[in-house]
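Data block below; observations after.
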Amino acid sequence: MTDYQHHHDRRQSPGHEPNTVRTPYIVVGLLAIGVLMAAAVGFSYGLVRVAQWMRPSPPPADTPRIEAGQVEPSLDPDQRATLAKLRADEERILNRYEWIDQDEGVARIPIDRAIEFVAAQNNAAQNDAARDDAAQNGAARNGETPGKASEGEKNDDQ
């Protein structure tokens, strides 16, 4: 008889399932399940404790509470009229002359006039820059260093 046949003959009769139960494996498996369950319960308990620790404390007793049905902050009952008044005030500010600080000479001017004034300043600055560039380019073409007057210009000044 081979080892294989000898081994099987000892544990079971031919054609039948084994008749022995391996209790040590069952006990170890049950203990492992119990340990895992205890670890899960401990972990859950720790999470609950951390969540309680992180929760903000309740407000002091003297803090007013909002009751059910009460809306805070109160809403504007006539929003259209309020918006119309706001827009009218803005238009009034944008379209009139007014002293801000008369002693310092600070005044408010209408927005259209301010735009025209700034545009005129920018145009004047651009014209001055273009005139300076042209003068420097002309002097460079004549072999002069920029900023120095030519002999003809010196004689005209005298």
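The length gained by stretching the chain between D103 and V50 to full extension, at 0.36 nm per residue less their Cα-Cα distance, is 12.7 nm.
For R108, the residues 5 or more places off, or on other chains, whose built amide H falls under 5 Å of its own are E98, W99, I100. Computed with a 1.4 Å probe over protein heavy atoms only, the accessible surface of region 72-125 comes to 89 Å² per residue. Shape analysis of region 41-132 based on the Cα gyration tensor places the equivalent ellipsoid semi-axes at 59, 27, 15 Å, largest first. Just to be sure I understand the model, the point goes 7 Å from the Cα along the line to the Cβ. What's the resulting A135 to L75 distance in nm? Those two pseudo-labels are separated by 6.7 nm.
Accessible-area rank, largest first, for I109, I33: I33, I109, with all protein chains present and a 1.4 angstrom probe. Projected label points at T23 and R87, each 7 Å from Cα along the beta carbon direction, are separated by 9.1 nanometres.
Taken over the C-alpha atoms, region 91-134 has Rg and Dmax values of 14.9, 45 angstrom. Length gained on full extension, A61 to Q121: 15.3 nm, using 0.36 nm per residue less the C-alpha separation.
The values are calculated or read from the model by the stated rules, or taken from the named source; none is laboratory data. Please read these numbers as outputs of a predicted model, since none were measured by experiment. We place every Cβ from the backbone using ideal geometry, glycine too, and count neighbours over all the protein chains shown. When the accessible area is computed, the model is the full protein with side chains, heavy atoms only, and any ligands, DNA or RNA have been set aside. Shrake-Rupley method; radii C 1.70, N 1.55, O 1.52, S 1.80 Å.
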